[in-house]
Amino acid sequence: MASSSIGTGRPKTRGIVLNSIRAARTISRIELAARTGVTPATITQVVRELMDHGLVVEVGRGASTGGKPRTLLQLNPQARYAVGVLLERNICVLVIVDLNGRQVARTSFPGTALLPPEKALALVAAQVDALIDAAGVARERVLGVGLATYGPQDRQAGVLLTHMPTAEWFEYPIAQRLSKLLSLPVLLDNDAAAAAIGEYWLGAVKQGTYGCLYMASGLGGGVVVDGEVYRGSSSNGVAIGHITVDINGRPCGCGNYGCLANYADPSAVIEQALNESSLGRRLGLDPGDTDVMTAFRRIATAADAGDPDALRLIERSGRLLGTAAVTMASLFDLDLIVLAGPSLAAAASLYQSVIEEEVQRRTFVRPAHPVRVITSVSGSDAAAIGGAVLVLQGELAFLELGTPA
Ligand SMILES: [Zn+2]
């Protein structure tokens, strides 16, 4: 996402100041200096520049601490926007968030199925254009699009390194193509990583370090450390669906054996519903159906309604996800795991209680501190909101201000 900076040559400081104001909601110049380590003189200049461009506004005075009362600053939420897209075969969610990360518009459609990338992206682009128009957001105020989807992926190059859903998607330049269709910068990111960071920006999670289990059609994880997504060496970290839970297990498409996802993700649960009881037949599931998320939702709804067969399958999936949560907590010494994504949202309270039970019983760090398990505030939309948030977080550091309004 290349963009140039103009003006004072302080784009990075500008980004730090903007992010600090956003995190504090309201803050004085002197507190900003203390919090960022930037000199008060530079803070004054940067804030002046941001106010000239309408990004920051003064909102009255805080309590005096002896001297004269301090003028408080706030972001102007309508000054800039970001778009977030969750791209999945069985669901696409589109959101627009303002400068504070608050959602101002949302839409969804049933996914891009097995469409080739060219057609799928044209469909997504048309929906993004329509949403921007419907929200009445001026296009020049949109910083960019965060495209959250499954992996593995080459985030820098903006390509997927997987043949899903079809061979044409492998190394197809999805970020570049979508950017061309929309004339907006597009940032590709991992859905679970995006979902994880969104919670922090929305203020749902107050602490800076925690883990996130994410389940849509697949199963993934994200870890946030000090308010930043843990990236590893290629931004493909915390692939928690592909840890081995059965060393004699069947081969997985990823190259490993006995992967967790193959026993616990929506496809696995559907397969169990079709093979182990009358549940699949009772719910009208079709073994050839490629819409795994709709079929999975039927099982989750049946479990919520108390169907014993459905309950058994969701509980089994939940116990295995508990293993994922225990592993994450043990590896990263976490005291909080957030559950996000459309498939976890489909049976949120069932999953939450089973996973929490496993974590409380089995985590290595248990004597040192408890590990809480909570459900995402954004549920099915977590990855889309996080995608938009990652655009804000990244673009604010390199914001092109142009001429003052
Ligand atoms: Zn695997």
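The values are calculated or read from the model by the stated rules, or taken from the named source; none is laboratory data. It should be emphasised that the depicted structure is a prediction, and the values quoted were computed from it without experimental measurement. For neighbour counting, all protein chains shown are included, and Cβ atoms are generated from backbone atoms with ideal geometry for every residue, glycine included.
Give Gly241, Gly237, Gly222, Gly249 a once-over and let me know the one that is touching a residue at least 60 places away in the same chain (Cβ under 8 Å) and in the same structural domain as Asp333 (by TED's automatic domain parsing). Step by step, each of Gly241, Gly237, Gly222, Gly249 is checked, and only Gly241 is touching a residue at least 60 places away in the same chain (Cβ under 8 Å) and in the same structural domain as Asp333 (by TED's automatic domain parsing). Applying the condition of being among the β-branched types (Val, Ile, Thr) and near the ligand (Cβ under 10 Å from one of its atoms) to segment 232-251 and asking which residue is surrounded by the most Cβ atoms within 10 Å (Cβ to Cβ) yields Ile243.
Quick grid of which residues meet (1) in contact with a Pro (Cβ under 9 Å, 6 or more places away or on another chain); (2) more than 20 Å from Gly198 (Cα to Cα); (3) in the same structural domain as Ala138 (by TED's automatic domain parsing); (4) modelled with pLDDT under 95:
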position	(1), (2), (3), (4)
Val17	no, no, no, yes
Ile21	no, no, no, yes
Glu49	yes, yes, no, yes
Arg61	yes, yes, no, yes
Arg70	no, yes, no, yes
Arg102	yes, no, yes, yes
Ala105	no, no, yes, no
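Return the residues of segment 154-170 that are surrounded by 14 or more Cβ atoms within 10 Å (Cβ to Cβ), farther than 16 Å from Val124 by Cβ and in contact with a Ser or Thr (Cβ under 8 Å, 6 or more places away or on another chain); say none if nothing qualifies. Listed by number, the residues that qualify are Asp154, Arg155. Taken over segment 182-202, the criterion of being of a type in the set (Ser, Thr, Tyr) and in a loop (DSSP other than H, G, I, E, B) is satisfied by Ser183 alone. Of all the listed residues (Gly37, Gly66), the sole one being at pLDDT below 80 and on the phi > 0 side of the Ramachandran plot is Gly66. In segment 78-94, the residues that are in contact (Cβ under 8 Å) with a residue 12 or more places away in the chain and more than 13 Å from Ala194 (Cβ to Cβ) reach residues that are of a type in the set (A, V, I, L, M) and in a strand (DSSP E or B) with C-beta atoms within less than 6 angstrom, at least six apart or across chains, in these pairs: Arg80/Leu143; Tyr81/Ile96; Tyr81/Val142; Leu94/Val85.
Per-residue answers, yes or no, for (1) of a type in the set (Asp, Glu); (2) touching a strand residue (DSSP E or B) at 6+ places or on another chain (Cβ under 9 Å); (3) closer than 25 Å to Ile314 by Cβ:
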{"residue": "Gly218", "(1), (2), (3)": "no, no, yes"}
{"residue": "Val224", "(1), (2), (3)": "no, yes, no"}
{"residue": "Ala239", "(1), (2), (3)": "no, yes, yes"}
{"residue": "Asp265", "(1), (2), (3)": "yes, yes, yes"}
{"residue": "Arg281", "(1), (2), (3)": "no, no, yes"}
{"residue": "Asp289", "(1), (2), (3)": "yes, no, yes"}
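Of the numbered criteria (1) assigned by TED's automatic domain parsing to the domain that holds Val225; (2) closer than 30 Å to Gly84 by Cα, the one Gln360 fails is (2).
Do you know which of the residues in segment 252-282 that are more than 16 Å from the ligand (Cβ to nearest atom) and surrounded by fewer than 21 Cβ atoms within 10 Å (Cβ to Cβ) is nearest to Thr162 (Cα to Cα)? Here the answer is Gln272. All of (1) farther than 20 Å from Val238 by Cα; (2) surrounded by fewer than 22 Cβ atoms within 10 Å (Cβ to Cβ); (3) touching a residue at least 60 places away in the same chain (Cβ under 8 Å); (4) of a type outside the set (Val, Ile, Thr) hold for Asp335 with one exception: (1).
Among the residues of segment 366-378, is there at least one that is touching a Cys at 6+ places or on another chain (Cβ under 8 Å) and within 26 Å of Arg89 (Cα to Cα)? Within segment 366-378, one or more residues are touching a Cys at 6+ places or on another chain (Cβ under 8 Å) and within 26 Å of Arg89 (Cα to Cα).
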